[in-house]
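The values are calculated or read from the model by the stated rules, or taken from the named source; none is laboratory data. In this text, all values refer to a predicted model and were calculated from it rather than measured experimentally. Neighbour counts run over all protein chains shown; Cβ positions are idealised from the backbone, glycine included.
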Ligand code: BGC
């Protein structure tokens, strides 16, 4: 009878509108409550079990089928054979005790088949439409094979380029990461989660994973409460406000407590403050890794700690499966708590429409590599490319004779970047492919076989081969495997013999265009004077070659801006533009360089400021930096008032002029400084940006608005408020420049 009631409610939900309205909420909750009454403790625990399989599995294991049949599995990841997906779902909805559908999950991080630039590259577009398009395309392609859940977007603020997972991150800025996070969620989840082309997003890794000490993956993090709330939390809040269905806990500990067993973060912050009503999944084995962290003594205690912290679904390890029942019997966890986990999971299954439509539509076109998808991927690669230096070399004219060199000029797999389980290198268009198709006058000289190739055997021949060329285009970088999870580097120069080859080529006197394909900023201090142009293309994805060819020959201009500060040396890291002033900030006037210190100098700290004697105090290129093929000037910054009250907006106007000879695009950035606070405040914080397109000679006036809410921050007493006082604002092309004004925020 109870089950019959549940079915009636389900039919009602199936017919109802897809947005999560109050009515649907009530109906959903009634359905879930009623279904729960039909479930045993075992099948409830089954829902919390996310079982991993190998995506390369050739056969469907009988053991897994039986587990699904018994109701011991709630979700699966990496089942990539569509027949296995169909069969497992059939067993779940036809043969399991409660007939609850499975969710199939997969890491679809920057594309499924059509691969977009790595997320750090997408962040360089500073473009929400690009971010959204990338996740929409990924959702359309992946949902066609039954995937309804992705482990993305990754929203970890990354301030250290040594960290391999910076490639997957939205960069170092909370504001930029927040607007991108929202866009990714909108793209994955579409207008409604129960559309068959929508997939549930997973905001990860909650939280602070990017603060790994020394940039070493999985390392300890120490994050004060204000920093947590002012830096690391905003992108998660934005993603949840956009409706992100799930959240993944991080591998790391935060101030001594692993994220997966962190009751404060999961209950107080995520549920009570942020009002999250989807489900929380652990990271791969992160429940049992609490034993290795030294937080749980054994698997049973790990289950207890995770459950009491409010972690709903366990990825791959089986601590819940093995111990939850016993823990409930012993009264260490209540059945009510388990019910809450199951409700959170069922709520998302319902919103995905899985009870009504558990199966993929077999007749639907997969749309893999659809023309429009490839076009979006190419557009994204153009928007992500950041021009860091250009001594009037780019764009090249089509008559230029080019020597195309370098280990990434024709590296179809590496160009795709990290986390591309399903992208196929056979579909990649490399720069070499694109140069051939575009009928460029060029010679390809494969000088190094891969990025780590240390051999100099080819050098002589290469120098000889470039003789006939007008310009050398050197496509350098890192292989995809050198960034991503567990792939941190202590030294982030170009690996192998790349620098040596560039130095040899520089001796020929020919202009060198250095194109970098990498998963992180690469320190190029040793070679910056040897090259005329530096173009960062990150790992640009399937269409990277075409995008680069169009940029190099001026059909398009590179449109990206740095989403991270670009270091001069790894020893500067972590480096981020929104740092504090310190008591002794460095400046041009007071900087003492190593070579300025007299030999035998008396020990003295006077006059010394917060800098490095060898590399100074600035990054190589600041956050927000990027050139195009024209120039812009900023003029006439005006503010609506010198003093604003709380709940009042400040309006700013600024004129931007294209002073160059061709049309171009600029990303105009608004930064703010709260000069004095109840805790010290960053020297600048990004608060807004606008894209503007200007014809040669054209001027446009842009208007920005800032509300007193945007002046708020969380202080040491965990009070979130704007504080009365003086503020500076800058509007400019990056975090290290811009026109400046000041205003005062006054209490009534
Ligand atoms: C990663 C997650 C990923 C998961 C599933 C873990 O190693 O940290 O980001 O989603 O594996 O593949």
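Here are a few things to note about the model shown:
- Scope region 167-176; condition within 16 Å of the ligand (Cβ to nearest atom) and either over 11 Å from the mean Cα position of the chain (by Cα) or within 18 Å of residue 247 (Cβ to Cβ) (or both); matching residues: 168, 169, 170
- Pick from region 241-264, criterion away from the ligand (no atom under 16 Å from the Cβ) and surrounded by 24 or more Cβ atoms within 10 Å (Cβ to Cβ), ranking: nearest to residue 228 (Cα to Cα): 262
- Filtering region 202-221 to residues that are over 17 Å from residue 167 (Cβ atoms), touching a strand residue (DSSP E or B) at 6+ places or on another chain (Cβ under 8 Å) and away from the ligand (no atom under 14 Å from the Cβ) leaves 213, 220, 221.
- Residue check for residue 261: touching a helix residue (DSSP H, G or I) at 6+ places or on another chain (Cβ under 9 Å), in contact (Cβ under 8 Å) with a residue 12 or more places away in the chain and on the phi > 0 side of the Ramachandran plot: no
- Test for residue 157: is it crowded, with 24+ Cβ neighbours inside 10 Å and more than 11 Å from the chain's Cα centre (by Cα): no
- With respect to the conditions (1) closer than 24 Å to residue 565 by Cα; (2) assigned to a loop (DSSP other than H, G, I, E, B); (3) in contact with a helix residue (DSSP H, G or I) (Cβ under 7 Å, 6 or more places away or on another chain), residue 716 lacks only one, and its number is (1).
- Residue match in region 178-198 (condition: closer than 27 Å to residue 358 by Cα, touching a residue at least 24 places away in the same chain (Cβ under 8 Å), within 14 Å of the ligand (Cβ to nearest atom) and in a loop (DSSP other than H, G, I, E, B)): no
- Any hit, region 135-143, residues being closer than 30 Å to residue 253 by Cβ, more than 15 Å from the chain's Cα centre (by Cα) and surrounded by fewer than 24 Cβ atoms within 10 Å (Cβ to Cβ): no
- Any chance residue 374 is outside any loop (DSSP other than H, G, I, E, B), under 30 Å from residue 535 (Cβ atoms) and touching a strand residue (DSSP E or B) at 6+ places or on another chain (Cβ under 8 Å): no
- Residue in region 671-694 that is part of a strand (DSSP E or B), closer than 20 Å to residue 628 by Cα and without any contact (Cβ under 8 Å) to a residue 24 or more places away in the chain present: yes
- Of all the criteria given as (1) farther than 16 Å from residue 164 by Cβ; (2) touching a helix residue (DSSP H, G or I) at 6+ places or on another chain (Cβ under 7 Å); (3) outside any strand (DSSP E or B), the one not satisfied by residue 474 is (3).
- Test: residue 233 is closer than 23 Å to residue 351 by Cβ, crowded, with 21+ Cβ neighbours inside 10 Å, more than 16 Å from the ligand (Cβ to nearest atom) and under 17 Å from the mean Cα position of the chain (by Cα): no
- All positions within region 13-53 that are surrounded by 15 or more Cβ atoms within 10 Å (Cβ to Cβ) and at pLDDT below 60: 13, 18, 20
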